[in-house]
Amino acid sequence: MHREDVSTWMTPEPITIAPDRSVLDAYHLMREHEIRRLPIIEDGRLIGIITISDVRGLAPMGALSILEHNRLIGSTPVRRAMTPNPVTISPEQSLGEAARLLMVHKFGGLPVVEGETLVGVISEADIFRLLIAETWALRPDVPADIEWGERARLRSGDEVLIRPIRPDDAARLQDSFVRMSADTIYDRFLGAKQHLSDVEARRLSRLDYQRHMALVAVVDPDSDDPGSIVGVARYHVLDAEPGCAEFAIVVGDEYQRHGVGTLLMKRLIEYAFSHGIRTFLGITHPTNNRLIQFVYRSGLPVDRILTEGLVELRIELGPEAYAESRANLTESG
């Protein structure tokens with residue numbers, strides 16, 4: 001595994017709180033955003049950090065009634081409960097150094113500071129994501145290389161690398177978007193779209209590899225150049241139906257009908273199935289015949305529903321159908 005900088009894997013633009021807000025406000029923010037720590041900012045500078053453990057230590061639930069507990073944390077300013085002058089790390093330092101600091105201090109996360117400006121937070125979960133991305137093979141019979149991934153030969157003879165998306169793929173996603181035709185963009189995003197913003201690219205490339213997963217097909221990668229993204233297949237698990245995930249797939253125009261879509265879809269199905277996903281949901285326009293036929297040729301049971309002018313394709317990934325699809329999936333576009 002080569003050196004990885006904190007800036008690549010940190011969470012940028014983290015949720016923060018002011019020191020004069022109440023501890024109860026901090027608690028609600030952490031619960032709302034499902035995080036365990038909040039950097040505290042005053043006059044644009046990081047002055048402290050407060051964690052869920054700090055809140056619980058201030059007013060142990062067993063020692064006070066619920067009313068007394070809420071009154072105490074509601075009247076206590078964050079400044080009084082925070083840890084001042086927290087240990088920090090800079091964005092250009094290595095993830096190895098971040099891991100060392102987390103281990104030595106027994107922290108779950110570190111503020112990332114450039115000069116006096118907070119630019120992100122790096123946590124244990126971010127380091128785990130790196131390990132997943134670089135060491136977790138999709139299939140036990142395909143060994144992972146040093147960058148993690150599976151190299152495959154396309155029908156054209158070109159070689160591609162299929163691997164999990166990484167946070168530093170954001171710019172490469174934007175580059176691949178620029179190379180797509182208007183029709184391909186329309187089919188992928190269900191409408192016309194002029195550009196992929198920095199915020200959208202970061203959101204699409206920073207995933208947890210569990211509820212949100214994406215695989216990319218990359219051409220011409222080497223030790224000095226990560227290559228160009230020519231296809232992406234992704235899913236996100238639906239909150240209302242944990243065993244079901246909405247999927248999307250797109251292949252750059254130059255590489256359509258070369259087998260890229262087949263490779264991506266097969267590996268995405270295998271990954272999803274191994275993580276408890278039993279249904280894929282695809283949403284597209286009725287005119288997107290390439291995707292519709294691609295799905296039907298997979299050999300998987302498909303229910304097709306027309307709703308509000310869009311086609312919903314509900315694909316069952318049961319054990320028998322899943323096994324059959326590995327042999328039957330063929331490229332359609």
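Structure notes:
- Scanning segment 275-316 for residues that are among the hydroxyl-bearing types (Ser, Thr, Tyr) and farther than 25 Å from VAL230 by Cα turns up THR279, THR307.
- For TYR186: the one exception among (1) under 24 Å from GLU34 (Cβ atoms); (2) at pLDDT 85 or above; (3) among the aromatic types (Phe, Trp, Tyr): (1)
- Residues that are in a loop (DSSP other than H, G, I, E, B) and farther than 15 Å from ILE249 by Cα were ranked within segment 298-333; the one that is modelled with the lowest pLDDT is GLY318.
- Residues of segment 204-258 that turn out to be at pLDDT below 90 and either closer than 17 Å to GLN174 by Cβ or polar (S, T, N, Q) (or both), as a count: 5
- Matching residues in segment 126-159 - criterion: being modelled with pLDDT of 80 or more, under 23 Å from HIS212 (Cα atoms), surrounded by 15 or more Cβ atoms within 10 Å (Cβ to Cβ) and aliphatic (A, V, I, L, M): ILE127, LEU130
The values are calculated or read from the model by the stated rules, or taken from the named source; none is laboratory data. Model, not experiment: these values are computed from the prediction. Using ideal geometry, Cβ is built from the backbone for each residue, glycine included, and neighbour counts are taken over all protein chains shown.
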